[in-house]
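Please read the structure below before turning to the comments.
The values are calculated or read from the model by the stated rules, or taken from the named source; none is laboratory data. Quick caveat: nothing in here was measured; it's all calculated off a predicted structure. For neighbour counting, all protein chains shown are included, and Cβ atoms are generated from backbone atoms with ideal geometry for every residue, glycine included. The accessibility values were calculated without ligands, DNA or RNA, using every heavy atom of the protein model including side chains. Shrake-Rupley method; radii C 1.70, N 1.55, O 1.52, S 1.80 Å.
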Amino acid sequence: MTPAQWAAVVAEHTLRPDGPAELARLRAYLGWSDAVARWRAAPGDPALAQAVYDGLPARLAKREVSVPEARVLATALLQTLETDAQRRQQALLAFERTLPGPSAADPRQLAYLRAQAAEVAAWRAAPAASRDPAVLQARLDQLRVQHFAHHGATSASPDTPPEEASR
């Protein structure tokens with residue numbers, strides 16, 4: 001996000017009663033999201049992986065990341081954070097125990113799970129020769145984006161552009 005774009009977001013939220021809280025939420029999510037992008041560019045960085053991993057519970061609690069997204073990300077992060085396969089598996093199981101189940105409070109999650117189950121069932125029903133796992137994965141990725149389009153952001157001043165706040 002450019003400084004001009006962030007200024008427009010700040011201006012839009014200035015008159016809203018929930019503006020300061022929403023700007024703080026956006027800043028925190030965008031800062032975390034930036035850390036995810038930096039980690040994906042340099043997945044061997046354990047400090048960055050730990051920062052992203054530590055931020056997952058807050059992102060889940062605010063419903064800025066879905067449970068399936070968190071599982072995928074935690075699995076990848078633990079590849080960097082834990083070199084021992086057995087300890088990595090234990091850490092992943094411990095992470096799984098902290099995840100919330102589908103919630104009636106978040107209809108996106110339930111709709112996503114239904115769409116995902118239908119997509120997988122259709123794929124499995126197709127003849128084995130026509131089942132391409134890459135096509136299934138691409139379709140599941142599309143469903144995730146469809147159902148979980150979100151916004152998000154650090155605890156710097158609301159007027160500080162997010163790219164500066166994450167430094």
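Ligands, DNA and RNA are left out, and with a 1.4 angstrom probe the accessible area of the range 40-132 is 59 Å² per residue.
Of the solvent-accessible surface of the range 1-96, computed with a 1.4 Å probe over protein heavy atoms with every protein chain present, carbon and sulfur atoms account for 60 percent. Between the listed residues Tyr53, Leu81, Leu143, the Cα displaced farthest toward the positive end of the dipole of the range 31-149, a dipole computed from Cβ unit charges relative to the Cα centre, is found at Leu143.
When the charge dipole of the chain is built from unit charges on Cβ atoms (+1 for Lys and Arg, -1 for Asp and Glu) and taken about the Cα centre, the candidate among Ala70, Gln90, Val9 whose Cα reaches farthest toward its positive end is Gln90. The helix-based estimate of mean residue ellipticity at 222 nm for the chain, built from -39,500 (n - 2.57) per DSSP H run of four or more residues and divided by its residue count, is -23000 deg cm²/dmol to the nearest 500.
Of the options (1) 2.01; (2) 1.19; (3) 1.34, only one is Cα Rg over 2.2 N^0.38 Å as computed from these coordinates, and that is (2). When only the Cβ of Lys, Arg, Asp and Glu is charged (+1, +1, -1, -1), the dipole of the range 11-76 relative to its Cα centre reaches about 100 debye.
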